[in-house]
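Some notes on the structure that comes next.
The values are calculated or read from the model by the stated rules, or taken from the named source; none is laboratory data. Source: prediction; values computed, not measured. Neighbour counts run over all protein chains shown; Cβ positions are idealised from the backbone, glycine included. To get the accessible areas, we keep the full protein, side chains included, count just its heavy atoms, and leave off ligands, DNA and RNA. Shrake-Rupley method; radii C 1.70, N 1.55, O 1.52, S 1.80 Å.
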Amino acid sequence: MSFWWFWAQPPVVEEALDEDLPKIADIHAASFPNKWNSEELARMKAQEGVAILVARRASPYGTRAPLGFLILRTVADEAEVITIAVHPRQRGRGIGKKLMEAGLFRLYGERCSHLFLEVDAANNSALLLYRSLGFKQVGQRKGYYSESGGDGTALVMRIDLR
């Protein structure tokens, strides 16, 4: 007897659709104190240079629920991570890494030189992820995060894509 449906398929990462925005807003609200609603996300998505990638559950039953998302903004040949979040129940499964790798692949194809991000210095799991991908600290901003588990310091990190 085969239980092929029991094992979760790895998530797929693709461009977010407008109908994903309410679920993305829910994931954002579960992840950050300053919540973005679906209208704010729609305005952001409509901006030039902004891409929203979503990691979806792959399922033989057709469930394509978003598990996490990544928002990137590109200007000239540089890009920044606006935000990344994975639903709290889905964390620790490599979804954030899969989103970041898809974003890096996309930016590399667009011939971006650098990708920047800011991360709370107290967010150890995020720091481990970014460092494992090759990000290096290039600066810091004291007191940037008001709802931090630490002193609110944001580390500015960069990865060179060329």
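To the nearest 10 degrees, how steeply does helix 95-109 sit against the main Cα axis of the chain, on a 0 to 90 scale?
The helix 95-109 is inclined about 70 degrees to the chain.
What is the local net charge at LEU17, summed over the other residues whose Cβ is closer than 13 Å to its Cβ (Lys, Arg +1; Asp, Glu -1)?
Here the count lands on -1.
Roughly how many percent of the accessible protein surface of the chain is carbon and sulfur, given a 1.4 Å probe and a whole-percent answer?
Of the solvent-accessible surface of the chain, carbon and sulfur hold 51 percent.
Given a 1.4 Å probe and the protein chains all in place, what does the accessible area of ASP20 round to, in Å² to the nearest 10?
Per-residue accessible area (ASP20): approximately 10 Å².
Tell me, what is the percent relative contact order of the chain, built from C-alpha pairs under 8 Å that lie six or more residues apart?
Computed over the chain, the figure is 18 percent.
Could you state the angle between the C-alpha long axis of helix 21-31 and the longest principal axis of the C-alpha atoms of the chain, as a value from 0 to 90 degrees rounded to the nearest 10?
The two axes meet at around 60 degrees.
Mean projection of the alpha-carbon convex hull of region 14-59 over all orientations, in nm²?
Taking the Cα atoms of region 14-59, their convex hull projects to 3.5 nm² on average.
Go through GLU110, GLU48, GLU19 and list them by solvent-accessible area, largest first, probe radius 1.4 Å.
Solvent-accessible surface, decreasing: GLU48, GLU19, GLU110.
Along the charge dipole of region 19-117, pointing to its positive end and built from +1/-1 on Cβ of Lys, Arg, Asp and Glu, which listed residue (TRP36, VAL86, TYR108) has its Cα farthest out?
VAL86
For the chain, what value does the Rg/Rh ratio take when both radii are computed over Cα atoms and Rh is the Kirkwood radius, given to two decimals?
Rg divided by Rh gives 0.98.
Please compute the Kirkwood hydrodynamic radius over region 78-162, one decimal place, Å, based on all pairs of different Cα atoms.
After inverting the pairwise mean of 1/r, the radius is 13.4 Å.
How would TYR108, TYR144, TYR130 rank on accessible area, largest to smallest, probe 1.4 Å?
Heavy-atom accessible area, descending, gives TYR108, TYR144, TYR130.
With every protein chain kept in place and ligands, DNA and RNA left out, what is the accessible area per residue of region 61-160? Probe 1.4 Å, answer in Å².
On a per-residue basis, 55 Å².
Sort THR153, THR74 by heavy-atom solvent-accessible area, probe 1.4 angstrom, most to least.
Heavy-atom accessible area, descending, gives THR74, THR153.
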